[in-house]
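Below is one structure, written out as structure tokens, with a few remarks after it.
The values are calculated or read from the model by the stated rules, or taken from the named source; none is laboratory data. Quantities reported herein were computed from a predicted structural model and do not represent experimental measurements. FYI the Cβ positions are ideal-geometry reconstructions off the backbone, even for glycines, and counts take in every protein chain you see. The protein model used for the area step is the full one, side chains on, heavy atoms only, and it has no ligands, DNA or RNA in it. Shrake-Rupley method; radii C 1.70, N 1.55, O 1.52, S 1.80 Å.
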Amino acid sequence: MVSVAQMFEASDYLMSLPILLLSIFALGILIMDLMMPEEMKWVNAVTAFVGVLLATCGVVRIQHALDLSHRTWVPAFVGSMVIDHFTLYFWYLFLAGTAVAILMSVHYMDEEREQHGEFYALMLFSVVGMMSMAAGFDIVLIFIGLELMAICTYVLVGFLRRDRRSNEAALKYLLLGAFSSGIFAYGLSLLYGLTGSTNLAVIRERLTHDLAQSQNHADPVAVLALVTVAAGLLFKIAAVPFHQWAPDAYEGAPTSITGFMSVAVKAAAWAMLLRVLGMGLYPLRLIWVPLLIFVSLATMTAANLAALTQNNLKRLLAYSSIAHVGYMLLGVVAYGSAIENAAMTDGVKGILLYLLVYTFMNLGAFAVIASLRRRDVIGDDIDDFAGLFARAPTEAVLMLVFLLSLAGIPPLAGFWGKYFIFLSLIETRHYALAAVAVLYAVFGLYYYMRIASAMFMRQALDTEPVRAGGAMWGALWVSLAATLAIGVYPEPFIRMVNWSLNATQNPAFANLIK
Amino acid sequence: MQNHILSIILFTPLAGATLLLFVPKESKHAIRWIANLFALAGLLVSLPLVPWFWQQRFTAGFKFVEGTANNWIPSIGAGYVLGIDGISFLLIMLTTLLGWISILSSWTAIEDRIKEYYVWFLVLQTGMLGVFMALDFFLFFVFWEAMLVPMYLLIGIWGGPRKLYAAIKFFLYTLLGSVAMLLAVLFLYFYNFHQTGQYTFSIPALYQTAPKIFHDPAYGVEYAMLLFFAFFLAFAIKVPMFPFHTWLPDAHVEAPTAGSVILAGVLLKMGTYGFIRFSLPFFPDVVMHPKVRSWMIALSIVAIIYGALVSLMQKDMKKLVAYSSVSHLGFCTLGIFALNPAGLSGSVLQQINHGISTGALFLIVGILYERRHTREIAEYGGISNVMPLYATITMIMFLSSMGLPLLNGFVGEFTILQGTFMENRTWAALAVLGVVLAAAYLLWLYQRVFFGTVTNPKNEKLLDLSAREVLTFVPLIVMALWIGLYPKPFFQILEQPVNQLMATVRPNYPGASLAHASTPAASAARTGGQATMIPAKGSN
């Protein structure tokens, strides 16, 4: 039993420094916004950006403290939070994605005439939620983080009040999201009932114990808990058959929020999935591995086929992001079915690297779409991209790079995500799955190249030049630099991922290997 | 400089492309000059390789090796390692030569968006050179894939009426093969790790372990065959072998002239190069497996005859040349899977020959097309009256392509057929039909286009070749005559790598030397002294 004195550690405040900073900045923006005249609203964006930068400094500080203490992980708040390299990696990832999304939003929200302070405050709050999800080691904290993030995102999706698509998207997302959260909470409560604890480590231990007691015959309640929890998790990462919300939400949301959702929100859902399935429910892997094989096959099939015929770019990228989830799920399959230590981490390594490269290439693609937005043109139809090279050569070339990277052509970043997933599949002898996955990668190339051929090989329907603002250019160049750098010289990034898994000592992955 | 010659050759075109990015697109003249200068520079920097390589032509192993294994991405074991042997040396020289010729030939043919055109072309050139130089499979794969993008854009932007379809078909088809190859190589990578405890994509390292899969009780014949098939898919699509050839006529017909020259001259060779560089030494027991081998031979012979028959029926000149490529590449794969020194060295030489002759044929078609904007054979007739110089050059290149003695095609085809004959007389007898048919479709084409009187009034005022156009043909004719009259240096260059391959694939082959390349005694002495990088199988 933990004594009361032990429950209050001063280090807890250090460990939650970025979370606190972001919350303070978000609240500050809400207050400042009231006093801000209409033409000064961009200050909110600057404030949010500074908040993200300071939060990043906070993460660096934590990393430093961790290094000094020669530990790879510390618990905080009586073990409900775990700060390890895995957490820090995701925190960096969320902050990077958010920073680029803020850069994208400044000009775009001006064009939409919806430049309000709440927008940035909600973004920061949702990052707070994400950080809790990644750091959470207790299902209650994870759930609270998830809800905080989700509620902020519902509002952000519907932020274009005058746009019916945006309203529709927000409502759909809210209803389905609330429903799935309910299922998820139901599963979590079953888990609590089964194991008597909300801590993932304890849950894992009890489940292992129970399985050993019953000669590997899983308790039907445990299976029910697994299935409901998995359904909730799969909904959040938008895997088939829980993906229907994604194309609508992505299409209707403001483009910068679509980018934000497809990278940061999704990365948070992945962090949660890896923690809950990979850690807490690891003993039940014999059940969830076949389940995930089925889900990933269905996801790749449905998303790739649906993407072939899309004419709206945001919808197309929504389906493409579902397809990417399908590939990433294969990494979990490899992790769950691996027997060797190295093979296990390779699957997760693939997912982490995938999320990193996906952040930049996908945000880059959305930034190009957002930069086409003008007063009267939505700029997200494939026809709006016709002859883009003649109108805006730089944007067109950048888009080509992002699309090729999404398609996984070396030497661009996207290739490395797929590479590690395929690698882990071959390593764990899932040859047939690997063959199917590469086949779908070829499908992927087709729909990405449809956009490329519209940009480069068709005549422009619209001759007005594209004018992107300074911040937008910042977002584009950052995405491009990352996509190229990771692609051409991935060594430091692979090391970073290895560092984040830190396989020998990480509580999330390491002590499973016994 | 000798240590970095390969990097210099590799990156000269890319440097040109980078420089071009900073030239404003309005100054067309400057763009053309810069692109041509860099293409010429690319050829010139590769010339010192000729004497340097010649000195070490009998030395074993890869030459001019640059970089050490795993120096690029140590975490996964990929390295920036370059190096060449006789086979890649010849293909690199062919690439730099054809690259320069194609860029020179585009001077007037491309009027639209020329800056992009030259940028992509130069990028393509670097990609192709990298494929032939890489000694690390990962590096090889990066070049192999990256090169698809510029080719896709070249076909898709500057192509003919069905360019969009042709471009995406080319891209998808090739990608399908290469991802299959990636999976297979990942398997080899892990196999190598289990054997040696090292993660590496180094090709010489994989040469040591990959052949063992066949005899490994944990995997065995089925796995080796499956892996061979994955590699086969990638290379057969690229060659293209029958029945994977359907992307080729589309891509060729729609591509701009220079694109076709590079496509036929160099890109297709990547497939045959892949067979020689990877399939044979990785899976020697599979290729020697009678079933696999007879399938490969059968597909080659079908390609030879089918390609020739389809060529015979074409109404479009470019399509005719495209299908003739299928037939000629059939000879190259036939030579490879004959699996004897004559077949293998004949095959490599025929690859060079095909680059020279078919490259020239596409240029020839392009010249008429540029003047008349049609490639219909029926539109022409009696062209030799108005364009005598053009008609002469065309005759030389047609004869070279159909394999007339004293020209290059003869030497290549003859050696391949000799190698095939030694293995199986029926195969050779069937393949010979391709030579006969080649004479038929080429001479018939020549007759319809060049002989007779000018029947179509539009053809009366056609201009003969300009000095620039003649210049594009001169090196090709010189090479065709050289190979045709005195091929010995080429066979000498090929001797060492071919013997090395034979030592891996058929260590028991009697008299592993080339009777017509050098004296048997000298050859035997050399082979004896070779500390091969590819060990004979079974010698662990």
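Between residue B:136 and residues 5 or more places away or on another chain, which pairs have amide H atoms under 5 Å apart, with H built 1.01 Å from N, and which residues are they?
Those lying under 5 Å, H to H, from residue B:136 are B:81, B:203.
Would you mind getting the accessible area per residue of region B:225-295, heavy atoms of the protein chains only, 1.4 Å probe, in Å²?
Dividing the accessible area of region B:225-295 by its residue count gives 19 Å².
For region A:223-234, just list the computed ³J(HN,Hα) in residue order, Karplus coefficients 6.51, -1.76 and 1.60, θ = phi - 60°, integers in Hz, with x standing in for Gly and Pro.
For region A:223-234, the Karplus curve yields 5, 4, 4, 4, 5, 5, 4, 4, 4, x, 5, 5 Hz.
Return the tail of the calculated pair distribution for the protein assembly as shown, meaning the percent of Cα-Cα pairs more than 48 Å apart.
Taking all Cα-Cα pairs of the protein assembly as shown, the fraction more than 48 Å apart is 32 percent.
Just the accessible area per residue of region A:28-158, please: how many Å² with a 1.4 Å probe?
34
What ranking, highest mean first, results for peptides B:373-381, A:438-446, B:116-124 when packing means the other Cβ atoms within 10 Å averaged over each residue?
Final packing ranking: B:116-124, A:438-446, B:373-381.
Could you check the spin-label model distance between residue B:443 and residue A:309? Points 7 Å from the Cα along Cα→Cβ, value in nm.
It is 5.5 nm.
Quick check: Cα centre of region A:450-498 to Cα centre of region B:172-187, how many Å?
26
Rounded to the nearest 500, what is chain B's calculated 222 nm mean residue ellipticity when only DSSP H runs of at least 4 contribute -39500 (n - 2.57) each, over all residues?
For chain B, the value works out to -23000 deg cm²/dmol.
Which is farthest toward the positive dipole end of the protein assembly as shown among A:286, B:121, A:148, measuring Cα position about the Cα centre, with Cβ charges +1 (Lys, Arg) and -1 (Asp, Glu)?
B:121
Find how many whole Å separate the alpha carbon centroid of region B:34-108 from the alpha carbon centroid of region B:237-260.
Going from one Cα centre to the other spans 24 Å.
Test of the criteria: in region A:183-224, which chymotrypsin sites (Phe, Trp or Tyr not before Pro) are in a DSSP loop and have at most 10 other Cβ atoms within 10 angstrom of their Cβ?
none
Is there a simple number for the mean count of other chain Cβ atoms within 10 Å of the Cβ of residues in A:421-427, and what is it?
The shielding value for this peptide is 4.
Obtain the nm distance between the two label points defined at residue B:165 and residue A:24 by a simple spin-label model: each point lies 7 Å from its Cα along the Cα-to-C-beta direction.
Those two pseudo-labels are separated by 6.5 nm.
Can you pull a Stokes-Einstein diffusion coefficient for region A:252-391 at 10 °C (1.306 mPa s), Rh from Kirkwood over Cα pairs, as a whole number of µm²/s?
Rounded, D is 97 µm²/s.
If I model a spin label as a point 7 Å beyond the Cα along the Cα-Cβ vector, how far apart are those points for residue A:178 and residue B:65 in nm?
6.8
How shielded is A:493-500 by partner chains, expressed as the average number of their Cβ atoms within 10 Å of its Cβ atoms?
1
Quick one: if the Förster radius is 22 Å, what FRET efficiency do residue B:26 and residue B:112 give, using the C-beta to C-beta distance and rounding to 0.05?
0.95
Could you give the dipole magnitude of chain B about its Cα centre, charging the beta-carbon of Lys and Arg +1 and that of Asp and Glu -1, in debye to the nearest 20?
Roughly 360 debye for chain B.
Please list log₁₀ I(q)/I(0) at q = 0.07, 0.09 Å⁻¹ for chain B, using the Debye equation with identical point scatterers on the alpha-carbon positions.
Reported log10 I(q)/I(0), two decimals: -0.36, -0.61.
Which of the aspartates and glutamates could a cross-linker bridge to residue B:461, judged by Cα under 19 Å and excluding same-chain residues fewer than eight apart?
Within the straight-line limit of under 19 Å, residue B:461 reaches these aspartates and glutamates: B:370, B:376, B:379, B:469.
Rounded to the nearest 20 Debye, what is the dipole magnitude of the protein assembly as shown about its Cα centre when Lys and Arg each give +1 and Asp and Glu each give -1 at the C-beta?
1980
Kindly write out, for region B:139-148 in residue order, the coupling ³J(HN,Hα) from the Karplus curve 6.51 cos²θ - 1.76 cosθ + 1.60 (θ = phi - 60°), rounded to whole Hz, with x marking Gly and Pro.
Couplings: 4, 4, 5, 4, 5, 4, 7, 4, 5, 5 Hz.
Let's test the formula: R0 of 35 Å, r as the Cβ-Cβ distance of residue A:68 and residue A:205. What FRET efficiency results, to the nearest 0.05?
Once the sixth-power term is evaluated, E becomes 0.70.
Please list, in chain and number order, the residues 5+ apart from residue A:73 or on another chain whose amide H is under 5 Å from its amide H, with Hs placed from the backbone.
When sequence neighbours closer than 5 places are left aside, there are no close amide H contacts.
Compute the projected area of the convex hull of the Cα atoms of region A:8-512, averaged over all viewing directions, and report it in nm² to one decimal place.
Result: 21.8 nm².
Toward the positive end of the charge dipole of region B:1-286, about the Cα centre and with charges on Cβ (Lys, Arg +1; Asp, Glu -1), which of B:103, B:141, B:219 goes farthest?
Going by the charge dipole, the pick is B:103.
How big is the B-A contact in terms of buried accessible area, both chains counted, 1.4 Å probe, rounded to the nearest 100 Å²?
So the total buried area for this chain pair works out to about 3300 Å².
What's the carbon and sulfur percent of the protein assembly as shown's accessible surface, probe 1.4 angstrom, rounded to a whole number?
67
In the structure displayed, which of A:172/A:266; B:163/B:318; B:169/B:269; B:115/B:458; B:115/B:318; A:266/A:349 lie more than 21 Å apart, Cα to Cα?
B:115/B:458; B:115/B:318, as the Cα separations exceed 21 Å there.
Please compute the net charge surrounding residue A:251, taking Lys and Arg as +1 and Asp and Glu as -1 over other residues with Cβ under 9 Å from its Cβ.
+1
Quick one: 3J(HN,Hα) in Hz for region A:264-271, Karplus 6.51/-1.76/1.60 with θ = phi - 60°, rounded, Gly and Pro as x.
Computed from phi, the couplings for region A:264-271 are 6, 4, 5, 4, 5, 4, 5, 4 Hz.
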